[in-house]
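> Right, I'll just put the structure down here and ask away after.
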């Protein structure tokens, strides 16, 4: 099956889209990193903001925002997916961009390319998320946050892997139930999501 032409932004082939309903597949070595992307003030970001921080994970936020408000730009929080502990839990640790670079190096990305690869991953995650948000919002669905996983193939190229914008990895809200400063009920019904978005 011949892959369709890639998006211009993704010149390093982060993703291939195949014709009809098929996908280009390949064996990947998953990286132990989740790239969590927020467009609304939630979780650890809201905690930092409510304690007075305005520069959060590299993004300057304005004053007078409330919990769950939309932020001017998406914020990406990379987390390390640690091996399970004795209780079977996967303790996560937030990573700086330098930490991400170190993990890329440990997984075979050349030193001279590792910083460029890190910035490309963050940039492509942000582009994909904003495009999805702009598609969903006019259809009555808010994508408050999601997480992306990436992997490396045998040629050391980086791809998105695993689930992509599914209810398992994404917090969807019904735009009709959203009021600034209030946490809406998550929209988890697949049928309702499909009806709204397609």
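The values are calculated or read from the model by the stated rules, or taken from the named source; none is laboratory data. Because the structure is a prediction, the values reported are computed rather than measured. Here Cβ is always computed from backbone atoms with ideal geometry, including for glycine, and neighbour counts include all displayed protein chains.
> On the given criteria, is residue 86 more than 20 Å from residue 45 (Cβ to Cβ), at pLDDT below 85 and more than 14 Å from the chain's Cα centre (by Cα)?
Values: more than 20 Å from residue 45 (Cβ to Cβ): yes; at pLDDT below 85: yes; more than 14 Å from the chain's Cα centre (by Cα): yes.
Yes, satisfied.
> For residue 169, are the conditions met, namely being touching a strand residue (DSSP E or B) at 6+ places or on another chain (Cβ under 8 Å) and at pLDDT 80 or above?
Values: touching a strand residue (DSSP E or B) at 6+ places or on another chain (Cβ under 8 Å): yes; at pLDDT 80 or above: yes.
Considered against the rule, which asks whether it is touching a strand residue (DSSP E or B) at 6+ places or on another chain (Cβ under 8 Å) and at pLDDT 80 or above, residue 169 comes out as yes.
> Continuing with the same structure: Among the listed residues 104, 65, 95, 61, which satisfies the condition of being surrounded by 17 or more Cβ atoms within 10 Å (Cβ to Cβ), touching a helix residue (DSSP H, G or I) at 6+ places or on another chain (Cβ under 8 Å), at pLDDT below 90 and closer than 19 Å to residue 37 by Cβ?
104
> Say we look at segment 45-58 and pick out the residues that are surrounded by 15 or more Cβ atoms within 10 Å (Cβ to Cβ) and more than 12 Å from residue 145 (Cα to Cα); which of these is nearest to the chain's Cα centre (by Cα)?
Looking at the filtered set, the residue picked out is 57.
> Which residues, counting only those in segment 68-78, are closer than 27 Å to residue 103 by Cβ and buried (at least 18 other Cβ atoms within 10 Å of the Cβ)?
71, 74, 75, 76, 77, 78
> Go through segment 127-136 and give me each residue that's surrounded by fewer than 17 Cβ atoms within 10 Å (Cβ to Cβ) and either closer than 15 Å to residue 175 by Cα or touching a strand residue (DSSP E or B) at 6+ places or on another chain (Cβ under 7 Å) (or both).
Residues of segment 127-136 that are surrounded by fewer than 17 Cβ atoms within 10 Å (Cβ to Cβ), as a first pass: 127, 130-131, 134-135.
Answer for segment 127-136, where residues must be surrounded by fewer than 17 Cβ atoms within 10 Å (Cβ to Cβ) and either closer than 15 Å to residue 175 by Cα or touching a strand residue (DSSP E or B) at 6+ places or on another chain (Cβ under 7 Å) (or both): 130, 134, 135.
> Going by the structure shown, is residue 35 modelled with pLDDT under 90 and under 19 Å from residue 164 (Cβ atoms)? Please lay out each step first, then the result.
Values: modelled with pLDDT under 90: no; under 19 Å from residue 164 (Cβ atoms): yes.
So residue 35 fails the test.
> Separate question: Would you mention how many residues in segment 25-50 are in contact (Cβ under 8 Å) with a residue 60 or more places away in the chain and not in a strand (DSSP E or B)?
Within segment 25-50, residues that are in contact (Cβ under 8 Å) with a residue 60 or more places away in the chain and not in a strand (DSSP E or B) number 5.
> Still on this structure, I have one more. Within segment 137-158, restricting attention to residues that are surrounded by fewer than 19 Cβ atoms within 10 Å (Cβ to Cβ) and touching a residue at least 24 places away in the same chain (Cβ under 8 Å), which residue is farthest from residue 41 (Cα to Cα)?
154
> Of the residues 125, 154, only one is within 15 Å of the chain's Cα centre (by Cα) and farther than 23 Å from residue 178 by Cα; which?
125
> For the structure I just gave you, tell me whether residue 83 is under 24 Å from residue 123 (Cα atoms) and not in a strand (DSSP E or B). Can you show your working first?
Numbers: under 24 Å from residue 123 (Cα atoms): no; not in a strand (DSSP E or B): yes.
In short, no.
> Please give the number of the condition residue 130 fails out of (1) more than 17 Å from residue 36 (Cα to Cα); (2) modelled with pLDDT of 90 or more.
Status for residue 130: all satisfied but (1).
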